[in-house]
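Take a look at the structure set out below.
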Amino acid sequence: MSARVRSVRLAVLAVVAAGTLLSALPSAAVPVKPKQTGTVVAWGDSRYGQSDIPPGLTDVIEVADAYRYSLALKSDGTLVAWGDPEGTPPAGLSGVTAISASGLSSLALKSDGTVVAWGNEGNRDAWTPPDGLSGVTKISAGGMFNLALKSDGTVVAWGVDGAVWDPPATLSDVVEISAGVEFGMALKRDGTVVAWGQNSHGETDVPVGLKDVASIEAGLVNGVAVKTDGSVVAWGANDYHQLDIAAGLPPVAEVALGLTSAVARMVDGSVLSGGVGCDSDSLDAPTITNALQVDAGECHFLALVAD
C-alpha cells in the first residue's frame, strides 16, 4: 500500500493507544526520572499556532498535545506552552515531572505527588483536582474528565460529572491509566485491562482473555491496547474512525490520540501519522528516525526527538 494509505490507516488506529507500562511507585513523592532530553518536531494544523514551536526550545523530556495548544516539559521541571492562550500554565509552576493535556484541561504532576490543573475558565469546577489529592504517580487528562493514579495502585477521577467517571470500587493494583472522552481505562500489574464509563459503542467491552498488555489508550468511542510484542488489539466502534489494524506493521512502541487523528512511534524510532476529517496534506509525519515520544492533538502532532 502507499505510504499515505498506510499512514492514515495506522494513524486512525492510533486514535486510541498510548503509554508505557510502568509500576506504581511505593511512596507518595514522585522522583524526577532521568529522561533523555530532546528537541520538538511539530506538524499538522496550526490555526491557533499549536504547531509553531517557540524558537530555541531545547532540553525537553516530554510533550503533550491538546486540541488547540501544545506543551513541553523541560528537564528543569518547568513548562513551555504555545498555541491557544488557554494552554498557558500557571505562573511560577515548577518541579513538574509529567504532563497531560486534553480538550477539558491540562495537568501537571509535581515531584511532591500533587497535581496542578488549568484550562478553560468556564469549566474550572470540572478540571480542578479534588481537595487533598496527593500521592499521585500518573496523570491522564481526558475529554470530559481526568484521572490520577496513586502510589497505592488506586485511581481517582474528576470532571464534568464525577459520579459518571468513578472507577470500579474494587479497582486496585493499577500501573497505568488513560482517560478518554467519556470513559476510562486502567492497566493492571498483571497485564490485564479494566474499562468503565460510557459504553454506547462498546468502548468498555475489553476483549475476553486480553493479557500481556504493555500500554493502553482510551479514545472517543473505542479502546486500544498495545501488547508486549508490539501488536495492537482494539475494541469498540472502530469503524467510527475507519479503524483498520493493518497486518505486517513494524512493532509498535507508542500510539497517541487526537479526536480523529493520531500518531504512532515504532520500536525503531520511526513515526507514522494521519487521520480523517482533517486536511490530508498536513497529516503525514516528516521523516523521523529517533523519536522518544509522540502525542496528537486535533489534527496536529508532536514528536520528541533525541538530541
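Residue under question is Gly135, and the condition is that it be modelled with pLDDT of 95 or more and surrounded by fewer than 16 Cβ atoms within 10 Å (Cβ to Cβ); does it hold?
no
Counting only residues that are in a helix (DSSP H, G or I) and buried (at least 16 other Cβ atoms within 10 Å of the Cβ), which one in the range 88-132 is modelled with the highest pLDDT?
Per the criteria, the residue is Trp127.
In the range 38-51, which residues are assigned to a loop (DSSP other than H, G, I, E, B) and either among the aromatic types (Phe, Trp, Tyr) or free of Cβ contacts under 8 Å to residues at least 40 places away in the same chain (or both)?
Arg47, Tyr48, Gly49
Looking only at the range 278-304, filter to residues that are in contact with a helix residue (DSSP H, G or I) (Cβ under 9 Å, 6 or more places away or on another chain) and farther than 14 Å from Ala101 by Cβ; which one of those is surrounded by the fewest Cβ atoms within 10 Å (Cβ to Cβ)?
Ser280
I'm trying to understand the selection: among the residues of the range 15-51, which are at pLDDT below 90 and not hydrophobic (A, V, I, L, M, F, W, C)?
If the condition is that a residue be at pLDDT below 90 and not hydrophobic (A, V, I, L, M, F, W, C), then Gly19, Thr20, Ser23, Pro26, Ser27, Pro31, Lys33, Pro34, Lys35 are the ones that fit.
Would you mind telling me which numbered condition in (1) in contact with a strand residue (DSSP E or B) (Cβ under 7 Å, 6 or more places away or on another chain); (2) in contact (Cβ under 8 Å) with a residue 40 or more places away in the chain; (3) within 29 Å of Ala264 (Cβ to Cβ) Lys74 fails?
(2)
Between residues in the range 255-271 that are part of a strand (DSSP E or B) and residues that are surrounded by 24 or more Cβ atoms within 10 Å (Cβ to Cβ) and among the aromatic types (Phe, Trp, Tyr), which pairs lie under 8 Å by C-beta distance while being six or more apart or on different chains?
Sorted first by the residue in the range 255-271, then by its partner, the pairs are Ala256/Phe301; Ser261/Phe301; Val263/Phe301.
Across the range 47-65, what is the number of residues that are in contact with a Lys or Arg (Cβ under 9 Å, 6 or more places away or on another chain) and polar (S, T, N, Q)?
2
In the range 189-220, how many residues are over 21 Å from Ser151 (Cβ atoms) and part of a loop (DSSP other than H, G, I, E, B)?
Summing the residues that are over 21 Å from Ser151 (Cβ atoms) and part of a loop (DSSP other than H, G, I, E, B) in the range 189-220 gives 17.
Tell me which residues, restricted to the range 272-282, are in contact with a Phe, Trp or Tyr (Cβ under 8 Å, 6 or more places away or on another chain) and either in a loop (DSSP other than H, G, I, E, B) or over 25 Å from Ala179 (Cα atoms) (or both).
At the first step, the residues of the range 272-282 found to be in contact with a Phe, Trp or Tyr (Cβ under 8 Å, 6 or more places away or on another chain) are 273, 282.
Passing the criteria: only Ser282.
Is there a residue being within 19 Å of Asp65 (Cα to Cα) and at pLDDT 85 or above anywhere in the range 224-235?
no
Of the residues that sit in the range 199-210 and are surrounded by fewer than 17 Cβ atoms within 10 Å (Cβ to Cβ) and of a type in the set (S, T, N, Q), which one is farthest from Ile177 (Cα to Cα)? Spell out how you get there, then give the answer.
Here is the first cut: in the range 199-210, the ones surrounded by fewer than 17 Cβ atoms within 10 Å (Cβ to Cβ) are 199-200, 202, 205, 207-210.
So of that shortlist, the ones also of a type in the set (S, T, N, Q) come out as 199-200.
On the way: Asn199: 18, Ser200: 21 Å.
Looking at residues that are surrounded by fewer than 17 Cβ atoms within 10 Å (Cβ to Cβ) and of a type in the set (S, T, N, Q), I get Ser200.
Step by step: first the residues of the range 133-188, then only those that are of a type in the set (D, E, K, R) and assigned to a loop (DSSP other than H, G, I, E, B), then the one that is nearest to Thr97 (Cα to Cα). Which residue is that? Full working, then the answer.
Narrowing the range 133-188 to residues of a type in the set (D, E, K, R): 138, 150, 152, 161, 166, 173, 176, 182, 188.
This time we only want the ones that are assigned to a loop (DSSP other than H, G, I, E, B), so: 152, 161, 166, 173, 182.
Details: Asp152: 19, Asp161: 28, Asp166: 25, Asp173: 22, Glu182: 26 Å.
The extreme case among them is Asp152.
I'd like the full set of residues that are of a type in the set (D, E, K, R) and more than 14 Å from the chain's Cα centre (by Cα), limited to the range 209-226.
Once the filter is applied, which keeps residues that are of a type in the set (D, E, K, R) and more than 14 Å from the chain's Cα centre (by Cα), the range 209-226 yields Lys211, Asp212.
Of all residues in the range 52-82 being outside any strand (DSSP E or B) and at pLDDT below 95, which is surrounded by the most Cβ atoms within 10 Å (Cβ to Cβ)? Step through it out loud before you land on a result.
Keep residues of the range 52-82 that are outside any strand (DSSP E or B), which gives 52-59, 66-68, 75-78.
So of that shortlist, the ones also at pLDDT below 95 come out as 66-68.
On the way: Ala66: 28, Tyr67: 22, Arg68: 20.
Only one residue tops the list, namely Ala66.
The values are calculated or read from the model by the stated rules, or taken from the named source; none is laboratory data. Predicted, not measured: the structure shown is a model, and the values here were computed from it. Heads up, the Cβs are rebuilt from the backbone with ideal geometry, glycines too, and the neighbour counts pull from every protein chain shown.
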